[in-house]
1. Restricting to segment 202-221, what's the tally of residues that are surrounded by fewer than 21 Cβ atoms within 10 Å (Cβ to Cβ) and in a loop (DSSP other than H, G, I, E, B)?
2. Select the strands (runs of 3 or more DSSP E) contained entirely in segment 531-584, then report the ones holding at least 3 residues which are modelled with pLDDT of 95 or more, more than 26 Å from residue 423 (Cα to Cα) and in contact with a helix residue (DSSP H, G or I) (Cβ under 7 Å, 6 or more places away or on another chain).
3. Could you run through segment 237-254 and say how many residues are over 25 Å from residue 151 (Cβ atoms) and in a helix (DSSP H, G or I)?
4. State yes or no: is residue 404 assigned by TED's automatic domain parsing to the domain that holds residue 437 and either in a loop (DSSP other than H, G, I, E, B) or buried (at least 21 other Cβ atoms within 10 Å of the Cβ) (or both)?
5. From the set of residues in segment 248-262 that are surrounded by fewer than 16 Cβ atoms within 10 Å (Cβ to Cβ) and free of Cβ contacts under 8 Å to residues at least 12 places away in the same chain, which is nearest to residue 208 (Cα to Cα)?
6. Can you pull out the residues in segment 222-239 that are closer than 18 Å to residue 274 by Cα and crowded, with 18+ Cβ neighbours inside 10 Å?
7. Check segment 102-116 and report whether any residue there is assigned by TED's automatic domain parsing to the domain that holds residue 184 and touching a strand residue (DSSP E or B) at 6+ places or on another chain (Cβ under 7 Å).
8. Name the residue that is surrounded by the fewest Cβ atoms within 10 Å (Cβ to Cβ), counting only residues in segment 263-303 that are in contact with a strand residue (DSSP E or B) (Cβ under 7 Å, 6 or more places away or on another chain) and assigned to a loop (DSSP other than H, G, I, E, B).
């Protein structure tokens, strides 16, 4: 009985196996037969079929993330696509070579030989499907994988948790699309499509996005183990995510390495070393370098996928760290902003908008380079420069630092003291308030404001004397543009942050008129080089000026050498008052530290332009010895003995004057002479100018643009002449 039952069960079981095998063989026969017929037909009419294949629309495929890069194409910041995915542009040369060795060995050894499909692999896949009733291996080439990714990418139903249906018909659709790709694109372009579209879990697409997110590096720097990991993940991107399933990712990586070793693609040493590497377990944040500037340029250039800036990434990273540590050291709630500019080309090399972009207690997301604040004393150099341009003074001119009143306004110095008779050089280096206000009163605030307006720098400077002490709103960016006119007036260019394809010209390309003449800019620059530096800083290397706003709310420092200009702001973004925050104590050290981080050799300052007076004291022309009018007149009259040679003190030889259109009928050029015997006679292009014979000063109103020659003749017949240009 037992034997009968066993025999019956065995027979029944064998019958089931036979029936299943017969059905599987029948299915395999038909499937393989159909594939053979299809392949035979494709082979017979290959050329005709290839000609009829339509091009693939790849417009949606290349909808990559917008990235902002530095001057050397190093990534500063990336932005997700409209559907929230990271898909960064990448070319084949930007990936480590051993990644391709591992990829082709594991996925498609004959990638560079086939035309999109490998019939042998496809027959094997069809046979397995026929035997098992489901797809075991796809027989897919890299081109077919790219075809599948393109189809999924262009589908509106795509979702990161949706598995693509695997059927014979979808496989045929992939084959057709793969053939179209092979006809339309080169192997390099197909490979780059794979590099860009391969899924790596979550919202990561493409090798570059995965390399940055999982390893924090560009694909060109991938190690052997890291490259193997990126080869393995796309086969099952959600199940092999290292940040969620590190053990699965490690096993898959090791299979890639083992196959490469067995096929002789990598050496035994590389294989064993790669196996010992630990698998990462968390996903890293994408770079966020120069975040404020990146957001600004993306808004302006939204249509560009790659935005190339003039920044230097290594310098930007150093200065962001420097600003963060400096602000934290100074106290709570304080932030810092830094701009570094090459004033020879106008390129912005570093843009630090805040001490810490992610620190909301310090209002990190606010770009403080564009916020309007009181500039303190940083505008004083321009007052002095305009005074030099107007012939009112010279750096060695003596001025009285004494109590003065203009109506109800009585300015005081920062230290509350009066320093008596000082040179203008000393007054500017010490940032004395009273001499600056006196000089501005002689220039007239309205003229000062007009010069900035016609230079295209500021349109809202009020017409009052308080602007000498910071009674006006300026941003760090505005201040940087203004100081460009001092640092490099001969070939100053407009500031810009976007990299140009053509080399920049070193000629004057100001859209507006220069703020100061070459001579005045040189005087100011030479004075600022002698300003006392912060503690432990070497004097004389920089020309710089600091400023402190009312209530110690803002500390400023702007400095330059022969090539670079740096502007620094320290303060509370909310405009709150602080305790003893000064430009010299807070912003000055940050300025000098920034120049140390630039790290390049100091470029010498420019040589003096023509027309510079190097005399001092009694060697100065009498009209320039004293700022006070009475003392100036006495000094001029005391030189009537004719011992000193006759000389035109102003305008200097080769000077250029820019006449604002609105002031063309009111603009006057001051004429001043020293030495010689009174009375004096002034000539303009050979024609006498009406003037008081026993005074050394006169004026002339030009009626047209061009070159003008001024001559002066004293009572003894001695002459002197200069030529200037009016624009």
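The values are calculated or read from the model by the stated rules, or taken from the named source; none is laboratory data. In this text the structure is predicted, and so the values were computed from the model without any measurement. Positions of Cβ are backbone-derived with ideal geometry, glycine not excepted, and every protein chain shown enters the neighbour counts.
1. Count: 5.
2. Filter on segment 531-584 gives 564-571.
3. The number of residues fulfilling the criteria is 8.
4. So residue 404 fits the description; yes.
5. Ranking the qualifying residues of segment 248-262, first place goes to 251.
6. 222, 224, 225, 226, 227, 228, 229, 230, 231, 232, 233
7. The answer is no, given that none of the residues of segment 102-116 is assigned by TED's automatic domain parsing to the domain that holds residue 184 and touching a strand residue (DSSP E or B) at 6+ places or on another chain (Cβ under 7 Å).
8. 301
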